[in-house]
Every structure is written in structure tokens, then in C-alpha cells.
Amino acid sequence: MRKLALLSVIVLAGAAHAQSPETVEDELGILNPQDTGVEMLKRKIEMGVIDSVTCSLGINATKNDNHELARKLTRRCAEAGYTKAMTWMSQLENNGTGGDYNPDASAEWDRRAAEAGDPVGQFNYGLDLMRGHGVAKDELLGRRYIDQAAEDGLAIAKRLQGAGYDLDEVTPDADNWKYAPLF
């Protein structure tokens, strides 16, 4: 038993000092590509690989302060129809993260997500309409979007309904906020 434990330690120590195989790219493809990290994500974007796993990394790129990469990835995913990416693009536009504060673009991404049936998009676009944030104010239409999100099971939409559509219930004093980029 002791010999097996010692052998395991030696093998693990050797593995720790082993170098990763060299990445080689030629006309046949990529041998030993990097499978994680920012370089992998950039390569996937360049190759046009847009899938749910790759798209989910846009938030991580933002949280790691790589806003240019986050916007590039998230925009491509949103344009490919991923509604969660649409709602994240809305956040990036609304907060001026990695670009200018753009409430019109933010509301447009919310609208696209809402029309694609995303409950978060419906809720956010409903709020946009009720406030007139980035879009012409239309409280009645905004409530319809909120109601659809609630019908689809979104708890915060149900909470807003229960509060008689009092916007301070879900976003206290948002109408008084001054623009200040988050990052």
C-alpha cells in the first residue's frame, strides 16, 4: 500500500512539471487548441462559433473587465437569437459598460428579447415602456409586457403586479438615478 501511495505522489509530481502540448495550426486545422480562457473565446468568435456554452461566457468576460470582448461576443450571440444575450446587451448598453450609455439601444435589445418570448426581456421592456426609458412612454403596453412575464412565471413581474405596478417596488428611485458607468 505504501509503495502505491509513493508511486502516486511521483506520478502526480511528474505531471505537475509536464508541459502542455504545443498548439499547432495548419491547413488541416488546430492541433492541441487552447480549450479554456480568453484566447479560446477569441478564437471561437473569429471562427464564428456561436453556441449556448460560448454565449454564456459573455457575462464572465464582463466580470473580468474585458468589456470589448464581452460586447463583441454578446452582440454576436444576441444577433444569433440567444435571448439571454439580448438581455445582457441591454445591460451593457444601459450601464455604458465598454461603450457609451445608450438607453435607446438598451430598450431595443429588451424589445427583441421580449418579442422572442423571453420573460426577463418582457419584464425589462415593460419597465422601459412604463418609464419611457429609451422608448416612447406607454404604460398600458408596458403593463401588458409585465403581465406576460408574470404569466410566464417571472417572480419579480408577479411582485410588480401585486404592488399595483408601482415601479418603486422593483427599482426604487430608478427614475432619479443619474448616469454613472458601472465600470
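Rounded to the nearest 20, the Cβ-based charge dipole of segment 94-145 about its Cα centre (Lys and Arg +1, Asp and Glu -1) stands at 180 debye. In segment 30-164, a dipole from Cβ-located charges (positive for Lys and Arg, negative for Asp and Glu) runs towards its positive end, and of A114, I59, N102 it is I59 whose Cα lies farthest in that direction.
Which order do the peptides 110-120, 93-103, 42-52 take when ranked by the mean count of other beta-carbon atoms within 10 Å per residue, highest first?
Values: 110-120: 20.7, 93-103: 17.5, 42-52: 13.1.
Listed from highest to lowest mean packing, they are 110-120, 93-103, 42-52.
Using the Cα gyration tensor of segment 68-114, with a ≥ b ≥ c the square roots of its eigenvalues, what is the shape: rounded (a/c below 1.5), prolate (a/b larger than b/c) or oblate (neither)? If you can, show how the numbers build up before the last one.
Details: a/c = 2.37, a/b = 1.13, b/c = 2.09.
Oblate, since a/c reaches 1.5 and b/c is not below a/b.
In a simple Cβ point-charge model (Lys, Arg +1; Asp, Glu -1; nothing else charged), segment 30-164 has a dipole of about 160 debye relative to its Cα centre. Counting Lys and Arg as +1 and Asp and Glu as -1 over every other residue whose Cβ lies under 13 Å from the Cβ of M47, the net charge comes to 0. Within the same chain, aspartates and glutamates fewer than 8 places from K72 are excluded, and of the rest, those with a Cα less than 20 Å from its Cα are D35, E39, E46, D51, E93, D100, D104, E108, D110.
With contacts defined as alpha carbon pairs under 8 Å and 6 or more residues apart, what's the relative contact order of segment 35-127 in percent?
Working: 112 pairs, mean separation 16.5, N = 93.
This gives 18 percent for segment 35-127.
If you take the beta carbon distance between V38 and K137 as r and set R0 to 45 Å, what does 1/(1 + (r/R0)^6) give as a FRET efficiency, to the nearest 0.05? Could the numbers behind the result be given before it?
Details: r = 41 Å, r/R0 = 0.91.
Working from the Cβ atoms, E equals 0.65.
Taking N as the residue count of segment 30-164, its C-alpha radius of gyration divided by 2.2 N^0.38 Å amounts to 1.16.
Each value in this text was obtained by applying a stated rule to the coordinates, not by laboratory testing. The model shown is predicted, which means the values in this text are computed figures rather than measured ones. Note that we place each Cβ from the backbone using ideal geometry, even for glycine, and neighbour counts take in every protein chain shown.
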